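Encoded as structure tokens, the structure appears first; notes follow it.
Only the coordinates and a few stated rules stand behind these numbers; no lab work does. Note that this is a predicted model, so its numbers are computed, not measured. Glycine also receives a Cβ, built like all others from the backbone with ideal geometry; neighbour counts cover every protein chain displayed.
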Amino acid sequence: MKAALVNPPLIGHEKDLFGHIPSIPVGLLYVAAAVRAQGHEVDVVDAFGAAHESRRPWLSGYILQGMTPEETAAAIPRDADLVGISVHSGLGFTFARQLMARVRSLGIPVVVGGPFASTCPEAFVNAGADHVVVGEGEEALPALLDTMKAGRRLPGRVIRAAPVADPDSLAHPAYDLIRLEPYYEAGRAHGPLCGPYLPLVTSRGCPHSCAFCAAPFLGGGKWRPRDPDKVADEVRAMQRRYGVQDFHVQDDNCTASRERAASLFRATARLSPCPGFCLCSGIRSDDVSGSLLETMAKGGVRHVSFSPESGSPRVRALMKKQVDVPHLLDMVRIASRLGLGTQACFILGFPGETGEDRGMTRGLIRRLVARGLDDVSLFIMAPVPGSACEGTLGPVPEYEGLSWSPSWRPDYPRLQRARTSMYLEFFLRKLVHHPARFLAYFARALSGRYRNKGEMVIGSLVRRFAEDSGLRSRHRARPRPRPVKGG
Ligand code: B12
Ligand code: SF4
């Protein structure tokens, strides 16, 4: 059987500075590798990579970067027996609906999967999907293809996949099925962009249950760590095959166990050359210690993102997020002293948050900057399906509105003003406390060798302005991966 798997284009709110981040579709490529390992044929249609230089208005107030549904449908091999579409967030809903209609008119059945589709499968069934896989697709999709091949009775429309028991048993993501260059040329990524990189997933799931997050639902509430030596083997294989030395760790919770994190980064410290790791999906400061941070730095970690989410203990309790603030301040100070890039993420507008609570968040950011924090990210709460917050802010006008810039919220203008003033104060305080670092931050933003998302946003804005005003060509070459000899 032949499956064509679609990675959608990048869709973001036109006003969202952090939303337009292309990402190598590691989840879809895990599924592609599993389909191939089961003996089926697989093609990946990368609707971002195939047209990443094309940015067009999408719906009202969004931008689509890559191929439209019509162009994507035209790129699907006509001999495919099944088309699979990955939907990461609500931003991809209308794209998927329109693509499904076109694919079905070709007589090819469609299966949808991915984090967003998993949290509201009925919406995709109603939109025309033949099947929706809820959860991890590495076992479910090959099984569906086997069933089709054998002509057996197909499962129901919603296929609930049990979490993969042993993530080490999976084939490595099939990066060979897409062109990686568009992701490097885009100049934006989930983590610091110092050259060619690959995503890395060292564990699945998360044992916590923060109210705004769908990860506990998606991972089945169970944390499944990989064997540190197997992760190191994967990194070595990727270094050799793709010549990549930077890895963006995309786990929900990479440091859920201090012991496992220590063995993981002791294993990577033995690799030569020692790769760089960026823990860009956020870790809990309570999960790390000074000595673990040292081990991590020796094992190649260059950047850590902490997620205190709010400066107000009352709001953190509502969020079900425990944070020992003195410990967080200490971890930022130590990470900074070890030369690690640091970021802290906060959520504004959690249901029940008051102006006074936001003042406490502002206060915590000040204290973090004084300890050497490099970067801050401020998101506005969206009640995503699959999280405990789903439905708490009343009806959402469209699934696309479920990003961290939910402009449909009646209090959005107020929250947006608070967000802008917090960013400005962050920069001002950085200038006062760390003038040399402040200048380096802007120098890196302009040079395109970003060490954090703030630099990336500033750099992208300057680049876009230069391109729009004709001061810079849109097609300038960026660093490309070079295979290392002997791989
Ligand atoms: C890393 C990450 C990002 C990165 C990289 C995204 C990427 N494309 O890889 C960045 C920073 C860019 C990002 C952005 C956003 N993200 Co995000 N992200 C994550 C995170 C932490 C991990 C995703 C990951 O790599 N997992 C590891 C891989 C192996 O798993 P996977 O991708 O889920 O794939 C598996 C299954 O989904 C399935 N599968 C996937 N595709 C397919 C296709 C088929 C056909 C099948 C059968 C199965 C299948 O099988 C895969 C292998 O097991 C998740 C949390 C989570 N647990 O999902 C949030 C998460 C998915 N993100 C979320 C959100 C809201 C966003 C944003 C909207 C936030 C924003 N900025 O406004 C944007 C949207 C970007 C966009 N334009 O779509 C939410 C979605 C919740 C929801 N119900 O909608 C999550 C769940 C976090 C949360 N808060 O709850 N994100
Ligand atoms: S926010 Fe982080 S710690 Fe909390 S449930 Fe989600 S992945 Fe786990």
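What is region 249-373's relative contact order, in percent, from Cα pairs under 8 angstrom and six or more apart in sequence? That works out to 26 percent. According to the square roots a ≥ b ≥ c of the eigenvalues of the Cα gyration tensor, what is the shape class of region 180-468, taking rounded for a/c under 1.5, prolate for a/b larger than b/c otherwise, and oblate for the remainder? Rounded is the answer for region 180-468, as its axis ratio a/c remains below 1.5. Quick one: of Lys2/Lys453; Lys222/Lys298; Lys430/Lys453; Lys222/Lys320, which pairs are farther than 27 Å apart, Cα to Cα? From the list (Lys2/Lys453; Lys222/Lys298; Lys430/Lys453; Lys222/Lys320), the Cα-Cα distance tops 27 Å for Lys2/Lys453; Lys222/Lys298. Report, to the nearest 10°, how far helix 453-468 tilts away from the longest principal axis of the Cα atoms in the chain, using its own Cα long axis and a range of 0 to 90°. The helix 453-468 is inclined about 70 degrees to the chain. Classify region 72-160 from the C-alpha gyration tensor, please: rounded if a/c falls under 1.5, else prolate or oblate depending on whether a/b exceeds b/c. Because a/c hits 1.5 or more and a/b fails to exceed b/c, region 72-160 counts as oblate. Taking only DSSP H segments of four or more residues, each worth -39500 (n - 2.57), what value at 222 nm results for the chain once the sum is divided by all its residues, to the nearest 500 deg cm²/dmol? Result for the chain, helices only: -12000 deg cm²/dmol.
Bridging of Lys230 to aspartates and glutamates at a Cα separation below 13 Å is possible for Asp166, Asp168, once same-chain residues fewer than 8 apart are set aside. For region 66-77, the Karplus equation 6.51 cos²θ - 1.76 cosθ + 1.60, evaluated at θ = phi - 60°, returns couplings of x, 8, 6, x, 4, 5, 5, 4, 5, 8, 6, x Hz by residue, with Gly and Pro reported as x. Spin-label model, Ser469 to Arg153: label points 7 Å out along the Cα-to-beta-carbon direction sit 6.7 nm apart. Residue by residue, region 280-286 carries 3J(HN,Hα) couplings of 8, 8, x, 10, 8, 4, 5 Hz when phi is fed to the Karplus relation 6.51 cos²θ - 1.76 cosθ + 1.60 (θ = phi - 60°); x denotes Gly or Pro. Rounded to the nearest Hz, the phi-derived 3J(HN,Hα) couplings of region 408-418 under the Karplus curve 6.51 cos²θ - 1.76 cosθ + 1.60 (θ = phi - 60°) are 6, 5, x, 8, 4, x, 5, 5, 5, 5, 4, where x marks glycine and proline. Taking amide H as placed 1.01 Å from N in the peptide plane, Val6 has its amide H under 5 Å from the amide H of Val45, Gly84, Ile85, Ser86, each at least 5 places away in sequence or on another chain. Residue ranges 451-462, 351-362, 111-122 sort as 111-122, 451-462, 351-362 when ordered by packing (mean number of other C-beta atoms within 10 Å per residue, highest first). Among all the aspartates and glutamates, which ones have a C-alpha under 15 Å from Lys149's C-alpha, if same-chain residues fewer than 8 places away are not counted? Once the sequence-local aspartates and glutamates are set aside, what remains near Lys149 is Glu41, Asp79, Asp81.
Computed over the chain, relative contact order equals 14 percent, with contacts defined as Cα pairs under 8 Å that lie 6+ residues apart.
Using a simple spin-label model with pseudo-atoms 7 Å out from Cα toward Cβ, Arg266 and Leu461 lie 4.5 nm apart. Label positions at Arg366 and Glu71, each projected 7 Å from the Cα along the C-beta direction, are separated by 4.8 nm.
Taking amide H as placed 1.01 Å from N in the peptide plane, the amide H of Val301 sits under 5 Å from that of Phe277, each at least 5 places away or on another chain. Taking the Cβ of Ala50 as the center, what net charge do the other residues with Cβ under 11 Å away carry, scoring Lys and Arg +1 and Asp and Glu -1? Neighbourhood net charge equals -2.
Helix 137-150 and the longest principal axis of the C-alpha atoms of the chain enclose an angle of approximately 0°. Remark: the Cα gyration tensor places region 255-354 in the prolate category, a/c being 1.5 or greater and a/b exceeding b/c. If you fit an axis through the alpha-carbon atoms of helix 228-242 and take the longest principal axis of the Cα set of the chain, what angle between them do you get, 0 to 90°, nearest 10? In the chain, helix 228-242 runs at an angle near 70 degrees to the longest axis.
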